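J.: This is the structure I want to talk about, given as structure tokens.
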Amino acid sequence: MKKNKHLRVVVLVMTIVIFVFMGISFASYSKNTSSPNGILGTVLQPVQNLLSYVGNGVGGFFGFVGDMKDMQEENLELKEEIQELSEKLRDLDSYSQENQRLRQLLELKEGSPQLDMVGCEVIAKDPGNWFYSFTVDKGAGDGIEKNDTVVSGAGLVGHVTEVGPNWARVQSIIDSNSSVGALISRTQDFAIVDGDLTLADSGKCILSYVTQAPSLVLGDAVVTSGLGGVYPEGILIGTVSEIISDSMGYSQSAVVDTAVDFERIREVMVIRNAG
């Protein structure tokens, strides 16, 4: 079957060649269409035109195929360049974020010269998206002790619960077992900020035991009170985003949006011997 197909192609090509040569031969004998040769040339002229048209079309088709191949190769090269540029852009964005975090930590340290701080990197965390507890790369060998306060450039992170020679375990304030003595900056009312199971997955805490009702307003800044012997005074915890009053109106509780992003903790500062 394949051999017959090839034979038909050869015959067609030979026929086309014969017609071409016939046209050339007759045309060379006469330029006058009134002679027999001229009449025959006139008859063959459409055939020559057709063959020329077909030849140009075939040439154009193969030229188009060649252009398409070049375009595909060029498109592939452009895609590779776009991918490389996208990777470089992601790297630059990552470096920019890291630089911003480190600059915040440096500003925190320089702005609190009275506090003995050591910078740490997070090396492990519990499963899931949120940093309820995690491990840093500094420990007893760096002067870190249990109950040392942990902060970031944005605010309060938590405190150290366990220490090894070159690592320390940190419990964050969104953990349901966490409790922090707090102060409403605007009114100086004392309160407690606790981790809450229902709020933890949104990176929020619950503020309670505010007795001066109705003293809270949305946007109130909440800081550490310094009571309890763990956290030093004045570290930002977050801001009030929702107020909940009891039915009698004697006390208030509130939802606190934490200052720290507990989905993205990479570097922290441990305040040594702060309690």
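J.: Using the alpha-carbon centroid of each, what span in Å lies between region 174-219 and region 131-173?
T.: 22 Å
J.: Here is a follow-up. Go through region 75-87 residue by residue and turn each phi into a ³J(HN,Hα) via Karplus (6.51, -1.76, 1.60, θ = phi - 60°); whole Hz please, and just put x for glycine and proline.
T.: Each residue's phi maps through the Karplus curve to give 5, 5, 5, 5, 4, 5, 5, 5, 5, 5, 5, 5, 5 Hz.
J.: Report the equivalent ellipsoid semi-axes for region 137-176 in whole Å, largest first, defined as the square roots of five times the eigenvalues of the gyration tensor built from alpha carbon atoms. Before the final figure, lay out each step's value.
T.: Working: eigenvalues 66, 24, 10 Å².
Semi-axis lengths for region 137-176 are 18, 11, 7 Å.
J.: Quick check: with the 1.4 Å probe, what order do 231, 209 take by accessible area, largest first? Kindly include the intermediate steps, with their values, before the conclusion.
T.: On the way: 231 15, 209 165 Å².
The most accessible residue leads, giving 209, 231.
J.: To the nearest 10 square angstrom, how much accessible area does residue 130 have with a 1.4 angstrom probe?
T.: 40 Å²
J.: Hey, if we sort 207, 197 by accessible area with the 1.4 Å probe, largest down, what's the order? Mind dumping the intermediate values first?
T.: Details: 207 0, 197 140 Å².
The ranking, largest first, comes out as 197, 207.
J.: Turning to a different aspect of this structure: I'd like the Karplus ³J(HN,Hα) series for region 178-190: coefficients 6.51, -1.76, 1.60, θ = phi - 60°, whole numbers in Hz, and an x wherever there's a Gly or Pro.
T.: In residue order, the calculated couplings are 8, 8, 10, x, 10, 9, 7, 4, 5, 9, 6, 7, 7 Hz.
J.: What residues have an amide H closer than 5 Å to that of residue 157, excluding those fewer than 5 places away on the same chain, when H is modeled at 1.01 Å from N in the peptide plane?
T.: Those lying under 5 Å, H to H, from residue 157 are 150, 151, 152.
J.: Extension gain residue 123-residue 74, at 0.36 nm per residue separation less the Cα-Cα distance, in nm?
T.: On the way: separation 49, 0.36 × 49 = 17.64 nm, distance 4.35 nm.
That works out to 13.3 nm of additional length.
J.: If you don't mind, there's one more thing I want to ask. Go through 264-271, 158-165 and give me the packing order, highest mean Cβ count within 10 Å leading.
T.: Ranking, from highest mean packing down: 264-271, 158-165.
J.: So, one more: Residue by residue through region 130-143, what is 3J(HN,Hα) from phi via Karplus (6.51 cos²θ - 1.76 cosθ + 1.60, θ = phi - 60°)? Round to whole Hz and write x for glycine and proline.
T.: 9, 8, 6, 8, 7, 10, 10, 8, 10, x, 4, x, 9, x
J.: Pull up all non-local amide H partners of residue 116: gap of 5 or more, or a different chain, and H-to-H distance under 5 Å with H placed in the peptide plane.
T.: Sorted by chain and number, the residues that satisfy this are 272.
J.: A further question follows. Sequence-distant or interchain residues sharing an amide H contact under 5 Å with residue 220, placed H: which?
T.: Close amide H contacts, sequence-distant or interchain: 240.
J.: OK, next. Using a basic spin-label model with each label point 7 Å from the Cα along Cα→Cβ, how many nm lie between residue 266 and residue 187?
T.: Taking the simple label geometry, residue 266 and residue 187 are separated by 3.9 nm.
J.: Given the protein chains as shown and a 1.4 Å probe, how many square angstrom of residue 242 are accessible, to the nearest 10?
T.: 90 Å²
The values are calculated or read from the model by the stated rules, or taken from the named source; none is laboratory data. None of these values were measured; they are calculated from a predicted model. All Cβ positions, glycine included, derive from the backbone under ideal geometry; neighbour counts span all protein chains shown. When the accessible area is computed, the model is the full protein with side chains, heavy atoms only, and any ligands, DNA or RNA have been set aside. Shrake-Rupley method; radii C 1.70, N 1.55, O 1.52, S 1.80 Å.
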